[in-house]
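Everything on this sheet refers to the single structure shown next.
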Amino acid sequence: MPADSTTKSAYETFLSAACERLGYSDTIASLLTLAAMEIKVEIPIVRDNGELAIFTGYRVQHQNARGPCKGGLRYHPQVDLDEVRGLASLMTMKTALVNIPLGGGKGGITCDPKALSLRELETLTRKFVKRIHREIGPNSDIMAPDMGSNARVMGWIHSEYSAIYGHSPAAVTGKPVSLGGSAGRETATGDGIGMVIREYARHRNLALDGMTAVIQGFGNVGINTARALQRLGIRVTAISDSRSAVYRAEGIDLDALIQRKRERGSLAEAPEHEEIEPAALLETKCDFAVPAALENAITEKNAGRISARAVVEGANGPLTCEADRMLRERGIDVVPDILANAGGVIVSYFEWIQNLQREVWPVERVESELDRIIGNAAREVFIHAREKGLDMRSAAFDIAVARVKEALDATGF
Ligand code: GLU
């Protein structure tokens with residue numbers, strides 16, 4: 001049964017509200033909340049210093065009614081079963097909303113990837129695959145990069161899985177291009193955020209040129225979102241990494257910041273940029289505030305100080321329920337994660353198709369197909385929201401939940 005309202009996660013709250021609006025029973029709400037399978041494994045590895053260390057890994061397969069489970073693998077010190085569970089359910093809603101034939105899953109290993117050597121990271125990844133290989137694969141559960149993991153990690157997963165089952169590139173996405181990865185996968189999430197913002201502007205009759213954005217996060221999503229927004233003529237005035245934040249009224253110099261980060265490991269004291277408090281970043285006056293880092297970046301503590309026209313969820317679950325409600329009441333649009341950051345999983349889907357069909361798509365095809373799929377989803381959400389008088393997240397959840405329910409019904413139970 002669903003958890004009671006005091007312990008409900010943001011996802012469960014959004015989901016049960018959608019089920020209520022759609023007139024679904026509590027049993028259906030429970031079915032959509034519960035994961036089909038939850039895997040937890042202990043992974044012992046010998047560290048470079050000769051000592052034995054034990055890590056915990058998770059994989060949650062939430063739903064596969066619409067297709068194999070799909071979702072990233074997160075490497076972060078705060079990863080736990082609850083977090084992975086919530087993120088897996090969000091993937092079910094994301095794949096349903098953008099209407100690709102995949103379900104939802106998520107995995108994670110509780111570790112600090114920055115504190116591990118490359119050899120330790122590779123050993124950890126390969127051992128994790130050795131533990132769970134029976135449960136993953138092209139027709140059951142397909143992993144991909146998430147926070148703290150990347151194409152290199154996916155390459156190790158591909159190699160380990162293929163050593164057991166024979167060459168199986170479709171078992172994992174976000175691989176290096178040399179191993180069957182898709183052109184455009186690396187930048188896909190940021191590119192998709194740009195496309196969704198472009199559709200949002202059309203919907204609200206706004207000219208993008210000269211608008212401003214601030215971005216929290218300097219990983220794959222943050223950097224590629226900044227690039228995509230700059231291409232649209234939006235001025236990105238502030239950006240942050242996990243420790244520092246910088247501001248530049250005329251727009252950040254992204255290449256200079258990337259170089260700075262590479263050389264010094266931080267954005268702090270970057271020339272020609274003003275250093276600001278990381279906590280103040282999302283409160284900077286702008287048109288679009290894009291949290292593209294961890295969960296709970298906007299809570300009831302800072303939601304009252306957000307002064308953007310719209311919050312665009314680059315990260316998964318960056319708002320608490322309370323923050324979501326407060327922004328809604330203040331008339332600030334929230335473009336939800338399951339729409340805004342779906343570009344990554346959409347291009348993962350293209351990678352899976354290419355691998356299954358032994359095809360290689362040119363980047364132009366990837367980009368135009370991404371634009372078509374995410375553009376359609378965005379328009380559908382915005383129109384549904386307008387027609388039903390709903391906020392954008394509720395509209396997105398209604399569309400996604402109805403789609404999963406339709407598949408469940410069609411499976412015959
Ligand atoms: N980790 C990404 C997400 O949260 C991508 C998942 C995928 O490509 O399967 O959407």
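Under 5 Å from the amide H of ASP333 lie the amide H atoms of VAL311, each residue being 5 or more positions distant or on a separate chain, with H modelled from the backbone and absent for Pro and chain starts. Backbone phi angles across region 146-161, fed through the Karplus curve with coefficients 6.51, -1.76 and 1.60 (θ = phi - 60°), yield HN-Hα couplings of 8, 3, x, 10, 7, 4, 4, 4, 5, x, 5, 4, 4, 5, 5, 5 Hz in residue order; Gly and Pro are listed as x. With θ taken as phi - 60° and the Karplus curve 6.51 cos²θ - 1.76 cosθ + 1.60 applied, the whole-hertz 3J(HN,Hα) list for region 26-36 is 4, 5, 5, 4, 5, 4, 6, 7, 6, 8, 5 Hz, x standing for glycine and proline.
Amide H contacts for GLY71 (H built 1.01 Å from N in the peptide plane; partners 5 or more residues away or on another chain; cut-off under 5 Å): GLY105, ILE142, ALA144. Neighbour counts of other Cβ atoms within 10 Å put THR110, THR225 in the fewest-to-most order THR110, THR225. Modelled label positions at THR56 and ASP80, each set 7 Å beyond Cα in the direction of Cβ, lie 0.8 nm from each other.
Were the residues from ASN99 through SER117 laid out at 0.36 nm apart, the gain over their Cα-Cα distance would be 2.6 nm. Our summary gives the chain a relative contact order of 16 percent, counting only alpha carbon pairs under 8 angstrom and 6 or more residues apart. Cβ crowding within 10 Å, taken as a proxy for footprinting-reagent exposure, orders MET154, MET37 from fewest neighbours to most as MET37, MET154. Selection among PRO176, ASN316, GLY389 by position relative to the dipole of the chain gives PRO176 as farthest towards the positive end (Cβ unit charges, Cα centre). Annotation: peptides 405-412, 229-236, 47-54, 325-332, ranked by per-residue average of other Cβ atoms within 10 Å with the highest first, follow the order 229-236, 325-332, 405-412, 47-54. In a simple Cβ point-charge model (Lys, Arg +1; Asp, Glu -1; nothing else charged), the chain has a dipole of about 600 debye relative to its Cα centre. The string of couplings for region 212-221 from the Karplus curve (6.51, -1.76, 1.60, θ = phi - 60°) is 10, 9, 10, 10, 9, x, 10, x, 3, 5 Hz, one whole number per residue in order, with x for Gly and Pro. The length gained on full extension between ARG358 and ILE164, counted as 0.36 nm times the residue separation minus their Cα-Cα distance, comes to 67.8 nm. Note on GLU38 and ALA410: the model spin-label points, each 7 Å out from Cα along the C-beta direction, lie 3.0 nm apart.
A Stokes-Einstein calculation at 37 °C with viscosity 0.692 mPa s, built on the Kirkwood radius of the chain over Cα pairs, returns a diffusion coefficient of 153 µm²/s.
Every number in this text was worked out from the coordinates using simple rules, so none of it is lab data. All figures in this text were calculated on a predicted structure; none of them were measured in a lab. Methodologically, a virtual Cβ is constructed for each residue, glycine included, from the backbone with ideal geometry; neighbour enumeration extends over all protein chains shown.
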